[in-house]
Amino acid sequence: MRCIGESWPMTKERAYFEAVALKQHGGLCPEHVPEVYHFDRTMSLIGMRYLEPPHIILRKGLIAGIEYPLLAEHMSEYMAKTLFCTSLLYRSTTEHKRAVVEFCGNVELCRLTEQVVFSDPYKVSEYNHWTSPYLDRDAETIREDYLLKIEVAELKSKFCERAQALIHGDLHTSSVMVTPDSTQVIDPEFAFYGPMGFDIGAFIGNLILAFFAQDGHAGQGNDRKSYKEWILKTIEDTWNLFHQKFTALWDEHKNGSGEAYLPAIYNNPELQKLIQEKYMKELLHDTLGFGAAKMIRRIVGVAHVEDFESIKEANIRADCERRALELGKTLLKRRREFVSISEVISAMKHIQS
C-alpha cells in the first residue's frame, strides 16, 4: 500500500491469518517467533510481544554492515521446524487437509504475490520501475527472455498448486528482527499452505541481494570485503544447517504419524536414504528458483529493497543491481544444474569478480 496507494486495498482479514500463523509457528519454534497474547478479529488487532531494543530489522543491520553470528543457526532452526512439522512428513493427510482449508481464505495476498513476483516483472506493467536509464535494456531483456518466462510459469504453478507446508509467505530480511544473540520472525500476513522452497528462497534470495549491494555501501576505510565473506558464509550455513536439521527431524519421526512415506512401504534404510536425497535435491532447486524470482522482482518490479535504494549514486546502484539480476536469471533458468549451495556461492563470487 505504501508503494501503490489505496488503489490496491488489502483485506483486513490478513490480520487473522497473521495471528494464526504466529501462533502455529510460535508453538513449533517459540525461540524465534514473538508470542501472541491476544487477537481481536473484529478490530483486526494483535497484541504480541514487544521486541525491545536493541532488536532491529535485519535488512537495516545488513546495510549497516553488522554481523550476526547466530543468524544461520536460528533461521535454519525456524525454517526446519515450521516447514517439517506442518508437512505430510509429520502429519496425516486428514490433519493436513484440515489445516490447508483454514488458510485457503488468504487468497487476496496470494494473488498479490502471484502478480508482483511471477507476472509483472515479465511484462510491461504500470507498477514496474527500475534504475533508469541504466537498467532500461536489462528490464527489456527480462521481458524478452522466453526461457525465463517458461521457468517462472513453472514456479508460479508450484506456488499456486502445491500445499506442501504452512509457509510464512514473505520471509525477506525485513520480516526478521535481530540482535547478536536473538532472531525473531515477524509479519506472516502472507501465510498459507504453499511450497517450502518459497520461504527458504525468499530468505536466501534477500541475503544474496544484500551481498551484491555491499559495494554500494563501501566507503573509505571499509571496503566491506570481510562483510561480504560473512554474508556468503551465512548463506551457505543457512542451507546446510537447514538440510541437517530438517533431515534429522525426518529421521526422528520416520515411524510417526506422517503419511507422505508410510513406514510399511519405506522402512528400508537404503530406500529412505534415496527418498531423502531426492526430496532435498528438489527442495534445493525450488529454493533457488523461488529465491531468484524474488530477486528479479525486487529490481525491476513494483517493490524494491532498501539494500539497493539507499545507494545514492544511481550508476553505482545500477551496477550492483545488474550483478544481482545476472545471478537471478542464471539461478532461475539453470537451477537444476546446481547440486549444492557451495556451487551457488561460487557463481556469486564469479559474477562479483
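The values are calculated or read from the model by the stated rules, or taken from the named source; none is laboratory data. Given the structure is predicted, the values throughout are model-derived calculations rather than measurements. Here the Cβ positions follow ideal geometry from the backbone for every residue, glycine too, while neighbour counts run over all protein chains shown. Areas reflect the complete protein model, heavy atoms only, side chains present, ligands, DNA and RNA absent. Shrake-Rupley method; radii C 1.70, N 1.55, O 1.52, S 1.80 Å.
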TODO: Assuming a ≥ b ≥ c are the square roots of the Cα gyration tensor eigenvalues, decide whether region 110-181 counts as rounded (a/c under 1.5), prolate (otherwise, with a/b larger than b/c) or oblate.
DONE: oblate
Task: Cross-link pairs beyond the 26 Å C-alpha cut-off, checked among K158/K225; K281/K329; K23/K273; K12/K312; K60/K245; K245/K281 - done: K158/K225; K23/K273; K12/K312; K60/K245
- [ ] Compute the Cα gyration tensor for region 51-122, then decide on rounded, prolate or oblate, letting a ≥ b ≥ c be the square roots of its eigenvalues: rounded whenever a/c is under 1.5, prolate when a/b is larger than b/c in the other cases, and oblate in all that remain.
- [x] oblate
- [ ] With a/c under 1.5 counting as rounded, go ahead and sort region 54-352 into rounded, prolate or oblate using the C-alpha gyration tensor (a ≥ b ≥ c being the square roots of the eigenvalues; past the cut-off, prolate if a/b is larger than b/c, else oblate).
- [x] prolate
Task: Principal-axis tilt of helix 269-300 within the chain, Cα atoms, nearest 10 degrees - done: 30 degrees
Open item on the list: Could you give the length gained by full extension between E67 and M43, i.e. 0.36 nm per residue of separation minus their alpha carbon distance, to one decimal place?
Closed with: 4.8 nm
- [ ] Tell me which residues come under 5 Å, amide H to amide H, from Q164 once H is placed; ignore anything under 5 positions away on its chain.
- [x] G194, M196
- [ ] Compute the acute angle (0 to 90°) between the alpha-carbon long axis of helix 225-252 and the principal axis of greatest extent of the alpha-carbon atoms of the chain; round to the nearest 10°.
- [x] 10 degrees
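Calculate for the chain the 222 nm mean residue ellipticity that helices alone would give, adding -39,500 (n - 2.57) per DSSP H run of length 4 or more and normalising by residue count, nearest 500 deg cm²/dmol.
So the helix-based figure for the chain works out to -19000 deg cm²/dmol.
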- [ ] Mind listing the long-range amide H neighbours of V176? Cut-off is under 5 Å, sequence gap 5 or more, other chains count too, H placed in the peptide plane at 1.01 Å from N.
- [x] L58, R59, I186
- [ ] State the Cα centre-to-centre distance between region 226-275 and region 1-50 in whole Å.
- [x] 29 Å
- [ ] Roll a 1.4 Å probe over the protein chains and send me the accessible area per residue for the chain in Å².
- [x] 45 Å²
Open item on the list: Charges at C-beta only: +1 for Lys and Arg, -1 for Asp and Glu. How large is the resulting dipole of the chain about its Cα centre, in Debye rounded to 20?
Closed with: 460 debye
TODO: Measure nothing but the geometry: give the 0 to 90° angle between the long axis through the Cα atoms of 341-352 and the longest principal axis through the Cα atoms of the chain, rounded to 10°.
DONE: 10 degrees
Task: Karplus-derived HN-Hα couplings along region 150-165 (A = 6.51, B = -1.76, C = 1.60, θ = phi - 60°), whole Hz, x at Gly and Pro - done: 5, 5, 5, 5, 5, 5, 4, 4, 4, 4, 7, 10, 9, 8, 7, 7
Task: Percent carbon-and-sulfur accessible area, the chain, ignoring ligands, DNA and RNA, probe 1.4 Å - done: 52 percent
Task: Cα centroid of region 316-348 to Cα centroid of region 106-183, whole Å - done: 15 Å
